[in-house]
Amino acid sequence: MKEYAVIGGGIGGCLTASLLDVHGHDVVLLEKEPTLGGCASTFKHGHYHYNAGATTLAGYHEGGVVRTLFDTINVQPKLIATDPAIVVLQGHNEIKRFSNLDQCIHEIQRSYPHPKHTEFWNLVYTIGQNFYPLKGHYYSNASLSKKLRSLLSMTPILKKFWPYLWKDARRFIHDFYGGISQDYCDFLDAQILIVAQSTSEHINFFTAAVALGYTFHETHYAVGGMGKLCESLTSRIHDVRTHTEVTSIHHEKDRFILKTNTDCLETKNLIMGTTHYESGKYFDTKKIQNYYHRYEKLNNHQSAFVLYLTLHSNRPFHHHYQIITQEIIPHTLSKALFISFSDKSDTDIAPQGFFSVTASIHTDVRWWVNLEPSRYRQQKKELTQLLRTLICDTLHLDVSEIVESFAATPKTFGRYINRTQLGGNALTMKNILPSLPSNDTSIQGLYHVGDTAYAAQGWPGVAMGVMNLMRLIHE
Ligand SMILES: Cc1cc2nc3c(=O)[nH]c(=O)nc-3n(C[C@H](O)[C@H](O)[C@H](O)COP(=O)(O)OP(=O)(O)OC[C@H]3O[C@@H](n4cnc5c(N)ncnc54)[C@H](O)[C@@H]3O)c2cc1C
């Protein structure tokens, strides 16, 4: 019998399995796909490679939560620093989000002149500077005493950020500036959405400031593709099984019995790296199914439509762009498209003179999964064409420079990585911490990591959850 089995080789599963291995535990990592990474994987399609979703590595600065875990596992990934972290394109405006505060304010001031920018962006910067070193805190809702301990551990955060917790960010920002233009509001919301998975009217100003401020810390490009990070994290684990899909789980008093597409295995402890919305179906006991059912209300059905391109171009490109349009783009939830280019020196992912491009936009799962096949194909084609045109027009590309292009809908993600909801739980004013699932559960030996558990999505959010899980396991 294994001591730990981890289901799913996404960021959460890979970090967890590696840390357990480093701590000397007997662990197996099970992943249904041939490659690791999930939303942060890299795959081959035709002749070229693509990042499936995630393209920016945040949290790897000195002392950052991701860096701390990589250092513990003793892995030094091959990275390139990206500064500016994003180039935002909105109408005629081009705003480079530099990590340097003064440079960043200068860029913003040029496009949306306002006397209060220095004060506002200094506040955003300071909130981030105070928050990031905290590396999360103890969080569990597995029992009443653990809930109380979590509340106590949250006290320093509550104290420090009290004035920014109670008002929604949109109102806070409007009051702060005494009114802002629609363009500037869209500029802020587009960046808040990619980190917090929600817009300013639904989150408090503290969350908005942390989301807006991630560019003030180093951000990195992963050489060879984002998937390389998960592969390198797990390279020393003895038992990593790809092509292995868990199909059902039976719980007995002191063990879990997992049935996979290849065999059966028993484990004392089970760590789910799958989403809370897709996990209940594996279990045959009502108690565990009910546990997951409780969190169904957090499912915002948010997802992504992703366009993958290979470009052949002599032009230089930044690593990341965000194009903001005047209106919400049809079949999506947003006015903003996030576009990432491979580094021109990274010939592992695209040959010399070529660029691998991943462009993503928020959409709603329900607008895709229940369509009849011809309507689905039509809608996918329409949105693909729309985004291709938007990218070509805004970045002044000739269509002939696109040598390959295809797209993924929420349904595509469902087929490959067993999830249609993407981006995890949004930290809205309604979904405040005590209502979010923690990394342990009330079921002995059953744990959770990934972007639907504490703390949130992306490398830093998932890493905070993994750190919390390690605290809970080893306490
Ligand atoms: C389009 C897009 C862009 C993003 N951009 C960024 C970014 O730039 N930077 C950033 O930090 N974050 C980004 N994110 C968010 C980030 O990618 C996710 O929050 C994070 O990767 C989720 O990790 P996870 O641990 O929850 O695992 P997941 O990515 O959900 O992976 C779960 C894994 O479990 C496997 N699995 C599922 N079911 C089974 C089963 N039954 N048996 C075995 N294996 C199974 C899946 O195949 C998958 O590999 C982006 C997300 C998307 C969708």
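The values are calculated or read from the model by the stated rules, or taken from the named source; none is laboratory data. Fair warning: this is a prediction, and the values are worked out from it, not measured in the lab. Note: ideal-geometry Cβ built from the backbone for every residue, glycine included; neighbour counts use all protein chains shown. Protein only, heavy atoms only, side chains kept; ligands, DNA and RNA dropped before computing areas. Shrake-Rupley method; radii C 1.70, N 1.55, O 1.52, S 1.80 Å.
Residues of region 146-177 being open to solvent by 60 Å² or more (accessible area, probe 1.4 Å), in a helix (DSSP H, G or I) and under 19 Å from N204 (Cβ atoms), which ones? Once the filter is applied, which keeps residues that are open to solvent by 60 Å² or more (accessible area, probe 1.4 Å), in a helix (DSSP H, G or I) and under 19 Å from N204 (Cβ atoms), region 146-177 yields L151, P156, K159, K160, W162, P163, R170, R171, H174, D175. Just one of the numbered conditions (1) open to solvent by 20 Å² or more (accessible area, probe 1.4 Å); (2) within 21 Å of A455 (Cβ to Cβ); (3) not in a helix (DSSP H, G or I) is not true of I180: (2). Can you give me the number of residues within region 250-268 that are closer than 18 Å to Q289 by Cβ, out of contact with any Cys (no Cβ under 9 Å at 6 or more places or on another chain) and surrounded by 15 or more Cβ atoms within 10 Å (Cβ to Cβ)? So the answer is 4. I'd like to check something: does region 108-116 contain any residue that is crowded, with 16+ Cβ neighbours inside 10 Å and either modelled with pLDDT under 95 or assigned to a helix (DSSP H, G or I) (or both)? Scanning region 108-116, I find at least one residue that is crowded, with 16+ Cβ neighbours inside 10 Å and either modelled with pLDDT under 95 or assigned to a helix (DSSP H, G or I) (or both), so the answer is yes.
Within region 26-45, the set of residues being within 6 Å of the ligand (Cβ to nearest atom) and open to solvent by 10 Å² or more (accessible area, probe 1.4 Å) comprises E31, K32, E33, G38, C39.
Any residue at all in region 201-217 that's assigned to a strand (DSSP E or B) and more than 20 Å from P163 (Cβ to Cβ)? No, region 201-217 has no match at all. For T16, the conditions (1) within 19 Å of E245 (Cβ to Cβ); (2) away from the ligand (no atom under 13 Å from the Cβ); (3) among the β-branched types (V, I, T) all hold with the exception of (2).
Within region 123-145, the set of residues being more than 17 Å from I432 (Cα to Cα), open to solvent by 20 Å² or more (accessible area, probe 1.4 Å) and not hydrophobic (A, V, I, L, M, F, W, C) comprises Y125, T126, Q129, N130, Y132, P133, K135, S143, S145.
Could you check region 339-361 and list, in sequence order, the residues that are open to solvent by 20 Å² or more (accessible area, probe 1.4 Å) and either closer than 17 Å to Y308 by Cβ or among the charged types (D, E, K, R) (or both)? Across region 339-361, the qualifying residues are D343, K344, D348, P351, F354, S360. With respect to Y308, determine if the residue is touching a strand residue (DSSP E or B) at 6+ places or on another chain (Cβ under 9 Å), farther than 30 Å from Y447 by Cβ, hydroxyl-bearing (S, T, Y) and within 14 Å of the ligand (Cβ to nearest atom). Judged against the criteria, Y308 is a match. Tell me yes or no: at least one residue of region 364-378 is more than 15 Å from the ligand (Cβ to nearest atom), buried (at least 16 other Cβ atoms within 10 Å of the Cβ) and not in a helix (DSSP H, G or I). Scanning region 364-378, I find at least one residue that is more than 15 Å from the ligand (Cβ to nearest atom), buried (at least 16 other Cβ atoms within 10 Å of the Cβ) and not in a helix (DSSP H, G or I), so the answer is yes.
This table checks each residue for (1) in contact with a Gly (Cβ under 6 Å, 6 or more places away or on another chain); (2) among the β-branched types (V, I, T); (3) over 19 Å from R415 (Cβ atoms).
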| position | (1), (2), (3) |
| --- | --- |
| H243 | no, no, no |
| D254 | no, no, yes |
| L258 | no, no, yes |
| T262 | no, yes, yes |
| E266 | no, no, yes |
| M272 | no, no, yes |
| H276 | no, no, yes |
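Among the residues making up region 46-80, those that are within 15 Å of the ligand (Cβ to nearest atom) and in a strand (DSSP E or B) are Y50, N51, L57, A58, L79, I80. Here M226 meets the list (1) in contact (Cβ under 8 Å) with a residue 24 or more places away in the chain; (2) within 22 Å of T363 (Cβ to Cβ); (3) surrounded by 22 or more Cβ atoms within 10 Å (Cβ to Cβ); (4) in the same structural domain as C104 (by TED's automatic domain parsing) almost entirely, failing just condition (4). For region 240-258, a tally of residues being assigned to a strand (DSSP E or B), away from the ligand (no atom under 14 Å from the Cβ) and touching a residue at least 40 places away in the same chain (Cβ under 8 Å) returns 2. Residues of region 336-357 that are hydroxyl-bearing (S, T, Y), within 15 Å of the ligand (Cβ to nearest atom) and either part of a loop (DSSP other than H, G, I, E, B) or over 18 Å from the mean Cα position of the chain (by Cα) (or both): S342, S356.
Yes/no per residue for (1) in the same structural domain as L446 (by TED's automatic domain parsing); (2) in a loop (DSSP other than H, G, I, E, B); (3) over 25 Å from the mean Cα position of the chain (by Cα); (4) not β-branched (V, I, T):
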site: I271; (1), (2), (3), (4): yes, no, no, no
site: Y291; (1), (2), (3), (4): yes, no, no, yes
site: A359; (1), (2), (3), (4): no, no, no, yes
site: H362; (1), (2), (3), (4): no, no, no, yes
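Quickly run through region 413-432 and pick out the residues that are within 26 Å of L371 (Cα to Cα), hydroxyl-bearing (S, T, Y) and either surrounded by 19 or more Cβ atoms within 10 Å (Cβ to Cβ) or more than 19 Å from the chain's Cα centre (by Cα) (or both). Matches in region 413-432: T420 only. Filtered by the rule that a residue be outside any helix (DSSP H, G or I) and of a type outside the set (A, V, I, L, M, F, W, C), region 274-289 gives T274, T275, D284, T285.
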